[in-house]
Amino acid sequence: MVAIGATISAFWILAANSWMQTPAGYTMNNGRAELTSFYQAIFNPSMMPRFLHTMFAALVTGAFFMAGISAAVLLKNRASPVARYTLKLAVIFGLIVSVLEAFPFGHIHAKEVAQTQPAKFAAIEGLYSSRTQAPLVMFAIPFTQPPQLKANMEIPGLLSWMAFGDMNAKIKGINEFPADDIPPLWLTFVSFHNMVVLGLYFIFVMAWAAWRLRRGSLFDGRRFLWLLVISIPLPVAACQLGWMTAEAGRQPWAVYNLLRTADAFSSNLSAGMVLASIVLFSLIYLLLICLYLYLLAAKVRHGPDAASEKELAV
Ligand code: HEM
């Protein structure tokens, strides 16, 4: 029930966010956006790619959490039937969702950004001048003054092919957009590429774990179990990097091509009030996360209860 509730809640939050990224189903009337189609507004062009990518990001996060906690229990008690069972489940599930998160869902999402938010696409891919046969940049260090990439490792033509299905397709570079319509270049490039690197790492780790499971060595290697434990926060980091890509990438717009962030603040709130509420929220969340980590550590230290161990041992 919690999973269903969270999914429904995510749907509506992502519908609102997606509308701000790719507004649809409205008409402008005296400077006001008025709704013309509820369906088009909800299912705007970025909604389904974002919803599927975000939901699978949550499933990857859940799989790594379950795998890491099971590994922590196994490090204390190699024989625990519960931890063996939950690790096996997390690895099989984790491999499937990690692959799907990148292909097709990550790929579809990137294609959609190429079509609907070309300035964001040029920034995240590090394409600073327009190109046919645009390369896919695997690694580079971005510089902003003037925009350029150094120490690039790239595959020629692959970006044009992945985005538009044609190696010779022209992709607009940052140079074709007015200077005050482009997003922060360094942050978008770095956050996007690190999210993708983490995505490939998740596939690699889960595939390795599945291979060890097949060979019967998954529960024994202490170093591999430690790798699973320290990987627990990485999908959370990938999610944060994803949101940085999406939100920094849509700047300078609050609503893409309609309302600038600079014009979107509430004039009846003072900067002090905003700061105070950020500080209060941060304190509340800090308190909650401390409580959560404390309870989690206590639960893991205690391990599965004897009745469940007995039930699964049979
Ligand atoms: C491995 C290949 C991946 C590709 C090609 C990819 C592609 C993308 C793209 C293009 C965006 C930006 C969308 C926008 O600006 O509107 C994005 C955002 C995002 N990504 Fe990824 N991603 C990948 C892996 C991951 C992984 C492994 C996670 C987390 C486990 C993740 C979580 C997110 C989140 C939470 C967002 C923000 C919400 C959204 O716009 O969908 N991504 N991703």
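Any read-out appearing in this document is the output of simple, stated calculations on the displayed coordinates, not a laboratory observation. Values in this document were obtained by computation on a predicted structure and should not be read as measured data. Positions of Cβ are generated from backbone atoms using ideal geometry, with glycine treated the same way; all protein chains shown enter the neighbour counts.
Some points to look at:
- In the range 1-92, Cα pairs under 8 Å separated by at least six residues give a relative contact order of 22 percent.
- Note: relative contact order over the range 120-235, using C-alpha pairs below 8 Å and six or more positions apart, is 26 percent.
- Computed FRET value (nearest 0.05) for HIS107 with TRP12, which takes r as the C-beta separation and R₀ as 35 Å: 0.85
- Most positive-pole-ward Cα, MET167, PRO183, VAL97, against dipole of the chain from beta carbon charges: VAL97
- Within the range 199-232, backbone nitrogen closer than 19 Å to the virtual label 7 Å beyond the Cα of PHE139 toward Cβ: 199-205
- Here r is the Cβ-Cβ distance between ALA264 and ALA313 and R0 is 45 Å; the resulting FRET efficiency, rounded to 0.05, is 0.15.
- Global form of the range 1-157, assessed from the alpha-carbon gyration tensor, a/c cut-off 1.5: oblate
- Each of CYS239, CYS290 has some number of other Cβ atoms within 10 Å of its Cβ, and from fewest to most they run CYS290, CYS239.
- For the pair TRP243 and ILE96, the difference between a 0.36 nm per residue extended length and the Cα-Cα distance amounts to 50.6 nm.
- Put a dot 7 Å past the Cα of ALA276, heading toward its Cβ, do the same for ASP220, and the two dots end up 6.3 nm apart.
- Packing, as the average of other Cβ atoms within 10 Å across residues, places the peptides 74-86, 273-285, 121-133 in the order 121-133, 74-86, 273-285, highest first.
- Shape of the range 168-314, Cα gyration tensor, a/c cut at 1.5: oblate
- Spacing of the modelled spin labels on ASN152 and ARG212, each 7 Å from Cα toward Cβ, amounts to 3.8 nm.
- Modelled this way, with points 7 Å down the Cα-to-C-beta line, the labels at VAL2 and ILE284 are 2.0 nm from one another.
- Between 0 and 90°, nearest 10: helix 271-302 axis offset from the chain longest Cα axis: 20 degrees
- The sum of -39500 (n - 2.57) across all DSSP H runs of n ≥ 4, divided by the residue count of the chain, sets its helix-only mean residue ellipticity at 222 nm to -21000 deg cm²/dmol.
- Between PHE219, PHE11, PHE103, the GNM of the chain built on Cα springs shorter than 10 angstrom shows PHE103 fluctuating the most.
- Using only side-chain charges placed at the Cβ, +1 for Lys and Arg and -1 for Asp and Glu, the dipole size of the range 1-115 relative to its Cα centre rounds to 500 debye.
- Under 14 Å, Cβ to Cβ, from ALA67 - net charge with Lys/Arg +1 and Asp/Glu -1: +3
- For the chain: relative contact order, % (alpha-carbon pairs under 8 angstrom, 6 or more apart): 20 percent
- Computed packing ranks the peptides 172-182, 223-233, 13-23 as 13-23, 223-233, 172-182, most packed first, by mean other Cβ atoms within 10 Å.
- With the highest mean first, a sort of the peptides 160-167, 211-218, 87-94 on other beta-carbon atoms found within 10 angstrom per residue produces 87-94, 160-167, 211-218.
- Which of LYS170, LYS120 has the fewest Cβ neighbours within 10 Å, and the rest in rising order: LYS170, LYS120
- To the nearest ten degrees, helix 185-215 and the longest principal axis of the Cα atoms of the chain are 30 degrees apart.
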